[in-house]
Amino acid sequence: MKTSKIVILMLSMVWINGALFSQEKWSVEVRPGVNLPTSDFGEANIKTGFGFEAAIGYRFMEHLGAYVGWGYNNFKLEDSGFEFDETGYTFGFQFIHPLGTSEKLSYLLRAGGIYNHIELENSDGDLVDDSGHGFGWEIGAGINYELGSNWHIRPQIGYRALSRDIELGEITSNIDVNYVVFGVGIAKSF
């Protein structure tokens, strides 16, 4: 009797595991990118930045899914000796739908939020101020091309916006970090 319960339990676990993971509902994506600022950092101009994001996605409908991730972006401030990092979390929804009758090529739309903070550093790498985490938003569009064996390449363009307070000495300034991001992601679905 005990052996049959163990066999039934093991078969059930194999069936549940197969049902959950054989439908390619989950994905993992890593996306490096180039960030083009659309606003200044207070009085200073922001140079082009670089960063990356890692995200996990779950498709809960045929073409619609949710994602959560973590990202890091670095920007240098022109003629100031300062730079800043914007790091934190991303979350939202993404819609991936085939283009026409193609089985490999799809378009991708995403919209969501960010929960990031800004770390201002001097030229020696010393932390000057940390804004603390706060909410912003992001949108994006791109192409999803299936490479085979559940691997995908995803070139994307997006826009991110975050507003936080930074303290320099006794002066507190509200800083808007808004930028266009171009990235190419590599994703694996399972």
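The values are calculated or read from the model by the stated rules, or taken from the named source; none is laboratory data. These numbers were taken from a predicted model, which means no experiment stands behind them. Virtual Cβ from ideal backbone geometry, glycine too; neighbours counted across all protein chains shown. Accessible surface is based on the protein model in full, side chains and every heavy atom, while ligands, DNA and RNA are left aside. Shrake-Rupley method; radii C 1.70, N 1.55, O 1.52, S 1.80 Å.
Observations on the structure shown:
- Residue within region 33-51 that is acidic (Asp, Glu), open to solvent by 50 Å² or more (accessible area, probe 1.4 Å) and modelled with pLDDT of 90 or more present: no
- Some residue of region 157-170 being of a type in the set (A, V, I, L, M, F, W, C), part of a strand (DSSP E or B), touching a residue at least 60 places away in the same chain (Cβ under 8 Å) and under 18 Å from residue 92 (Cα atoms): yes
- Residues being closer than 18 Å to residue 156 by Cα and more than 12 Å from the chain's Cα centre (by Cα) - total across region 64-105: 9
- Members of region 77-109 found to be surrounded by fewer than 18 Cβ atoms within 10 Å (Cβ to Cβ) and of a type in the set (A, V, I, L, M, F, W, C), listed by number: 82, 91, 93, 95, 99, 105, 109
- So residue 112, is it in contact (Cβ under 8 Å) with a residue 24 or more places away in the chain, in contact with a Ser or Thr (Cβ under 7 Å, 6 or more places away or on another chain) and assigned to a loop (DSSP other than H, G, I, E, B): no
- Taking the criterion of being of a type outside the set (D, E, K, R) and without any contact (Cβ under 8 Å) to a residue 40 or more places away in the chain, the residues of region 74-88 that qualify are 74, 77, 80, 87.
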